[in-house]
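What follows is a single structure, written as structure tokens, with notes after it.
Every number here is computed from the coordinates shown, using simple stated rules; none is lab data. What you see is a predicted model; the values in this text were computed from it and never measured. Quick reminder, even Gly has a Cβ in these numbers, built from the backbone with ideal geometry, and neighbours come from all protein chains shown.
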Amino acid sequence: MTTTIHFTETQSAPRGLRIVSYSIAGFVAVFCTVIWFVMREIDPPMSTTETVWYFISVLAIPALLLLWFNSVKQIVTITDDTITVFQRGVHFKRKVILRSDVETMTVRKLNAFGEFGGWGIRYGFNKKWGYIWGGDHAIDLKMKDGKRYVIS
């Protein structure tokens with residue numbers, strides 16, 4: 001028997017989160033560069049090798065973090081039998097929810113900050129697990145065992 005995929009979606013990081021991460025990385029790079037110039041005036045100058053390693057660490061670490069952050073994607077797949085959520089770059093194992101375990105499934109508006117305090121894999125205020133990455137709509141799953149999952 002073949003499984004039919006009814007829906008699949010790949011989401012990149014939310015725009016607001018990307019802006020914040022770029023701003024922080026830029027601030028760190030500029031701040032460390034300014035500190036380097038100030039320290040150069042106070043202490044004897046660093047050797048060329050020290051200077052090169054300093055700038056590699058100051059620029060490479062934020063750049064690598066931004067590359068990693070931009071590679072994180074949430075992939076949601078709905079088939080006949082399962083609902084699968086995977087955050088590439090964060091998860092090592094997919095979250096697989098059997099549709100036979102779902103009591104109710106509704107699509108509704110989502111307030112990521114109001115319900116879960118932000119984006120990511122969250123445990124919400126009303127004992128709900130949230131797989132929140134982007135968008136303003138979500139699937140709200142109420143399980144037969146009483147658990148709840150909200151997937152954006």
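The strands (runs of 3 or more DSSP E) found wholly in the stretch 41-152 and carrying at least 2 residues that are of a type in the set (A, V, I, L, M) occupy 73-79, 82-88, 95-98, 102-109, 137-143, 148-151. In the stretch 46-63, is there at least one residue being surrounded by 12 or more Cβ atoms within 10 Å (Cβ to Cβ), under 17 Å from L17 (Cβ atoms) and out of contact with any strand residue (DSSP E or B) (no Cβ under 7 Å at 6 or more places or on another chain)? There is at least one residue in the stretch 46-63 that is surrounded by 12 or more Cβ atoms within 10 Å (Cβ to Cβ), under 17 Å from L17 (Cβ atoms) and out of contact with any strand residue (DSSP E or B) (no Cβ under 7 Å at 6 or more places or on another chain).
For K73, the criteria (1) closer than 23 Å to Y22 by Cα; (2) exposed (fewer than 11 other Cβ atoms within 10 Å of the Cβ); (3) among the basic types (K, R) hold in every case but one, which is (2). Does V72 count as of a type in the set (A, V, I, L, M, F, W, C) and touching a Gly at 6+ places or on another chain (Cβ under 6 Å)? Judged against the criteria, V72 is a match.
Here R88 fulfils each of the conditions (1) more than 23 Å from the chain's Cα centre (by Cα); (2) surrounded by fewer than 13 Cβ atoms within 10 Å (Cβ to Cβ) apart from (1).
Remark: I78 falls outside the filter, which requires a residue to be exposed (fewer than 15 other Cβ atoms within 10 Å of the Cβ), among the β-branched types (V, I, T) and more than 19 Å from R15 (Cα to Cα).
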